Structure formats: C-alpha cells, structure tokens
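Let me begin by presenting the structure, written as structure tokens, before commenting on it.
The values are calculated or read from the model by the stated rules, or taken from the named source; none is laboratory data. Everything quoted here is computed from the prediction, not taken from an experiment. Please note: Cβ atoms are built from the backbone with ideal geometry, for glycine as well, and neighbour counts cover all protein chains shown.
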Amino acid sequence: MNNSFFSRFAPKQPKFFPLLQSLAETLLKAAETFLEGIEYPTVEKRAEYYKLVKDIERKGDEINTTIHNELASSFITPFDREDIHHLAAAIDDTIDGINSVAKRINIYNPKPLPEEASKMAQVILQEAQFIVKAISGLVDVHKNGSEILKCANELHELENKGDDIYELFIIRLFEEEKDGIELMKVKEIMHEMEQTTDAAEHVGKCLKSILVKYI
Amino acid sequence: MNNSFFSRFAPKQPKFFPLLQSLAETLLKAAETFLEGIEYPTVEKRAEYYKLVKDIERKGDEINTTIHNELASSFITPFDREDIHHLAAAIDDTIDGINSVAKRINIYNPKPLPEEASKMAQVILQEAQFIVKAISGLVDVHKNGSEILKCANELHELENKGDDIYELFIIRLFEEEKDGIELMKVKEIMHEMEQTTDAAEHVGKCLKSILVKYI
Amino acid sequence: MNNSFFSRFAPKQPKFFPLLQSLAETLLKAAETFLEGIEYPTVEKRAEYYKLVKDIERKGDEINTTIHNELASSFITPFDREDIHHLAAAIDDTIDGINSVAKRINIYNPKPLPEEASKMAQVILQEAQFIVKAISGLVDVHKNGSEILKCANELHELENKGDDIYELFIIRLFEEEKDGIELMKVKEIMHEMEQTTDAAEHVGKCLKSILVKYI
C-alpha cells in the first residue's frame, strides 16, 4: 500500500475529504434548487430562484478557495495537489454552469421553457448525485474504487444523454421558432445547460485520472 | 525569510519583474486606447481604433512569449514558474479580451453603443490601473503584501460592478431592442466586455495565490 | 546531449511517439472528411458526414485518454509529462473543434454555406498536414528541430489567414444577410471554424515550448 492513494494522500491531509464532500453537496443543492425553479415562468420567480442559485454558487466559490489555499499552504506533493485542485475546480465549474443558466433565464426572461429544459435539469441533478456518491468514496479509494469508476461511467452516459436531448431540441427549435430573438434566448439557455452536463462529466474524468494513479 | 517569495524568486530571477511590469503597462495602454475609441460610431474610426488595439495586443503577446520562454529556459523551481506563468497568462487574457471587443465593434459595426458600453470600458480601465499597481509591488511582496491584497479585492469589486452593469443592460436590451440582428451585435459586444472584467479579476486571483504562499 | 529532449524523453518512453503520431493522423482524417462533407447542402448528407466526423472524434478521444493514462502510470519526470499532455490535449481540442463545426452544420441545417466556409476548411486541412509533419519529427528533435519550428510558424501564418477570412466574411454577412436566424447559424458555424484554426495554432505553440526546452 506504499504507493496508494490512501497512504499518500488521506492520512496526511484528512481535511481535504470533508471540504470536497461539502463542495459536492453544494453542487447537489444548486442542481436541486435549479430544477425546482425552472418550472416557474414569471419574472419574479425567476429572479427569486436566480438569487437562491447565486447564493449557493458563492458558497461553492468559498469552499473552492479554501481548498485552493489549503493546498497552497500545505506540505503535500505537487502530484496529489494537482489532482485535488483539478477535482475541486471541475466541481466548481459545474456549479458555475448551473448559476450561468439560472442567470440567463432571469435576465433573458424567455417564454415558458420547453420540456427539454426540465429534462436537461434532471440530467444535471442526476450527475450531481453521482458526483456526491463518488466523492464520498474517495476517503478509501481501494475499497470504493470500482464504485467510483461506476459513477464516472454514469457521468459519461448522462453527458451523452444531455447531448442527444440538446441536439434533437435544436433541430426542432430551428424548424419551429420563427421569432429570432426568442430563438436566441432559448438556444443559449439550452446550450449553457448542455455545457453544464459536460462540466459534470469532466468531474468524472478527474476521478478516473485519480483511479488510474492510485489503485 | 527562507521560504519567502522574495528569497525564492526575486534574487534568482530579477528579469521577470520588469517583464511583468511591461505586460501590465501594455494592458493599461490597451484599456486606455479602447475607452477612447468606443465613443466614435463611424466605420473608419472603429477600424482605426481596432488597429491600434490589435497592435498593442500583439506587443502583449510578444512579452508573454518572452516570459514563457524565459521561464522554460531558466533554472527555477516548478512552483514559482507556475505562479509567474499563470499571472502573465491572466494579464495577457485580459488584453486579448479588450482586443476581442474592439474587433467585434469593428466587424459588426453596430449602431452607436449604449452608455453602458462606456461604463464597462471604464471598469476595465480601472481594473488595468489596479493591476499595474499590484504588479509594481511584487518586487517586495513582504513590504507591499497588504497593498497587493487591496488591489486584488478592488478587482473583485470591479468585476461585481461589471456584472451588475451587464445584467441590467441585457434586461433592458431584450425589452427595448426589437431588431434581432442589432440585438445580437450589442449583446455579444457587451458580453465580451463582461468576460474581460472577469479576466481582470482572474489576475487578482493569481495575485492572491501568490500572497497565500509567500507571505 | 545529457539534457536533451531525446535523452530525457525518447529512450524511456518510446510508446508516446506512435500514440502522438496516431492522434495527429486522426486529426488529419477528421479535417479531410470535414472538407469533403462541407460541400453537400442536403440534410441527409450533413447528417452522414457529421456521423463520420463524430466517429473520428471518438477515436481521437480514445487515443488521448490512452496517452493520458500512460502518462499517469509511467515513471517519467513531471516536466516531460506536462509537455506531452499539453501537446496531446491541443491536438484533441483541434479534432473537437472540427466535430463541433460538423455538429452545428447538421443541427442548424443552414442554407448552402458560403465559399468562405470551404476556404476555412482548407486552412484547417493545411494546419492538420503541418501538425502531422511536425509530430513525425519529434522522435529526433535535434535533427528535426528547425523543420518542426517551420511547421509551428506555418501554423501561426495559417491562423492569421483564417482570421482574415473570418473577419472579412462577417463584415459582408452583416451587410448582406437580413434574415436574423440564418445569419446566426452561419456566423456561429464560421466562428467555430475560426476557433478551430486557433486550436491548431495552439498545437504549434506547444511544439515551440518543447523546442525551447530541449534544443
């Protein structure tokens, strides 16, 4: 176990696990709040939910900064440091993605969103759930390695599902929506959601790089 | 002072300070030129100012390449190298952002820009001023640490101000502008400016990572 | 030759050269297929070529993942590792760019594309050819250094050419195209192509960083 993730990483830096866990749970909270808010088509509700998501996003930023500063000031090998840094940054990017969609819904104020928007928000929520599960396994990567790998593969599948929803929706949108400004609004909102599913898949890629090295 | 920024970094590599200073001043020059040019709504003036900004951006590229090559060929610890690399890249990205806005104003040729465009250009100029100030302090990070931190915090505040200007403007734009093509032009120009304020804030984040490590 | 690219890198890790070569050839195949497909304006042909490009892009992803995993599990100095990693990532990003354009042509289904689209696709193809040539020289960087540098400079020239084609086209597009939705489609497709020429130039920058260090 000399070269393992556990021996290199966990005993020296136990504080990073609760921080990563807390960041993943912040992502889950953002995804849940966003899905709930997406149903309401009024200006007031959209502004209200954007504020909620924005507050969660700021909390995520703070946790990410704490992780970043702890990494900078801890004695830890550069290799491990980079892994934790990339993982935290990828989770933070996913939260930023959700915030970015919520912001656009608020400031563009489009007509009621298509059902594909809810489907995409559900994909993002499922991704967040797999990320929380995977991160909770990191504390003992040997025991939980295959479970973490399964989560990373699920993230890949969900990203593909998001791609398909997006592509079919855009084809339909360009056929049906003749109001250029409305089309631009909805296209950009859906595109940001698709980018968010990519960001979540990237968390899975970071997890896979850790597994390759430490198992 | 064994582990300090100064002892690790400055005496070994004094050449990096004038290079970073020169890069920051190039950013300031780009921001000043851009603000001046934004007022002129004619095709000719827009082309003229884009050319001026583009020349400055190329100068920035050259300085950044010099820094990059000096880092690659210098004996210096990887840790310090990464810090300087990220800082220079972040300043260069801010210059690129200004160039990108000037380019779009030139090739899209929108109607006279809204007053929010000048406000954003002023935010970018103020950011550039704080960046020049902070970089000039790096040569003695112990003495100037609190001043540099203050600059980084100002960059954060200015980015928030840019966000607010952008969001309120977009809400108004979608309510008032009924010409889809004109809306697209102005929205993208303003969005690039908002991204540029983000890039400048990122310089502040790079400065904060240096402070965390070396003070 | 103690500190050379060859001595540090090649003898220890001969497997990386065929992998990088294979990735560069995958890029070339993507660029060729894309140029061929761009001529056909029907929905069926566009879907068919997008499928072809997508399959090539997935092959590129697999090679990139293999390189990434080999790097993670190989004993190799971090410095070399980062160089290979950045180079492979930059080639992969160029393939992703081509895939992204093919996808947009498929899902937006614009009117027949302007001749500038073919010109840009030819620029991308030429870039891919220089990348294949440069990568094939890496196996003996001392012998081929000046040839590799020439390729990197050609990539820079081609990116400038792509910029010019794009900028002149956009000026014309905003003057001539009065259908906002059609304009949006073509603008975004051309912009993705211009970004792809940037991604290819970035491969040249990665090559230059290697040359600076190892020659």
Q: Tell me, yes or no, whether the range C:28-45 has at least one residue that is within 12 Å of chain A (Cβ to nearest Cβ), aromatic (Phe, Trp, Tyr), surrounded by fewer than 21 Cβ atoms within 10 Å (Cβ to Cβ) and not in a helix (DSSP H, G or I).
A: no
Q.
Being within 14 Å of chain B (Cβ to nearest Cβ) and either in a helix (DSSP H, G or I) or surrounded by fewer than 22 Cβ atoms within 10 Å (Cβ to Cβ) (or both): is that true of A:GLU192 here?
A. yes
Q) Does the range B:115-126 contain any residue that is free of Cβ contacts under 8 Å to residues at least 40 places away in the same chain and touching a helix residue (DSSP H, G or I) at 6+ places or on another chain (Cβ under 8 Å)? A) yes
Q.
Go through (1) surrounded by fewer than 21 Cβ atoms within 10 Å (Cβ to Cβ); (2) touching a residue at least 12 places away in the same chain (Cβ under 8 Å); (3) away from every other protein chain (no Cβ under 13 Å); (4) assigned to a helix (DSSP H, G or I) for B:ILE98 and report which single condition fails.
A. (1)
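Can you tell which of C:ASP80, C:ASP140 is assigned to a helix (DSSP H, G or I), within 14 Å of chain B (Cβ to nearest Cβ), modelled with pLDDT under 95 and within 16 Å of C:LEU20 (Cα to Cα)?
From the options C:ASP80, C:ASP140, the qualifying one is C:ASP80.
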Q: Mind telling me which of the residues B:LEU158, B:LEU149 ends up being under 28 Å from A:ARG58 (Cβ atoms) and away from chain A (no Cβ under 14 Å)?
A: B:LEU158
(Q) Taking the conditions exactly as written (in a helix (DSSP H, G or I) and touching a residue at least 60 places away in the same chain (Cβ under 8 Å)), does A:MET184 satisfy them or not? (A) no
Q.
Checking the structure you have, find out if any residue of the range A:107-128 is hydroxyl-bearing (Ser, Thr, Tyr) and within 22 Å of A:SER209 (Cα to Cα).
A. no
Q. If you go through the range B:101-112 one residue at a time, how many are within 14 Å of chain C (Cβ to nearest Cβ) and surrounded by fewer than 18 Cβ atoms within 10 Å (Cβ to Cβ)?
A. 2
**Q.** Selected residue (only one of A:GLU182, A:GLU176, A:GLU115, A:GLU167 is within 30 Å of A:LYS45 (Cα to Cα), among the acidic types (Asp, Glu) and either within 14 Å of chain B (Cβ to nearest Cβ) or buried (at least 20 other Cβ atoms within 10 Å of the Cβ) (or both))
**A.** A:GLU182
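Conditions tested, residue by residue: (1) among the acidic types (Asp, Glu); (2) within 30 Å of A:LEU173 (Cβ to Cβ).
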position	(1), (2)
C:HIS85	no, no
C:ILE124	no, yes
C:SER136	no, no
C:ASP163	yes, no
Q: With respect to A:SER73, determine if the residue is more than 30 Å from A:LEU173 (Cβ to Cβ) and within 12 Å of chain B (Cβ to nearest Cβ).
A: yes
Q) Can you tell me which residue in the range C:60-69 is nearest to the other protein chains (Cβ to nearest Cβ), limited to those that are surrounded by fewer than 17 Cβ atoms within 10 Å (Cβ to Cβ) and over 10 Å from C:ASN99 (Cβ atoms)? A) C:ASN69
Q.
Going by what's in this entry, would B:ILE215 be described as of a type in the set (A, V, I, L, M, F, W, C), over 21 Å from A:ALA89 (Cα atoms) and at the interface with chain A (Cβ under 9 Å from one of its Cβ atoms)?
A. no
Q | Which numbered condition A:GLN126 fails, given (1) within 12 Å of another protein chain (Cβ to nearest Cβ); (2) modelled with pLDDT of 95 or more | A | (1)
Q) Of the residues A:GLY162, A:GLY145, which single one is more than 30 Å from B:LEU183 (Cα to Cα) and in a helix (DSSP H, G or I)? A) A:GLY145
Q.
For the range B:189-212, which positions are more than 18 Å from B:ALA24 (Cα to Cα) and among the β-branched types (Val, Ile, Thr)?
A. B:ILE189, B:VAL212
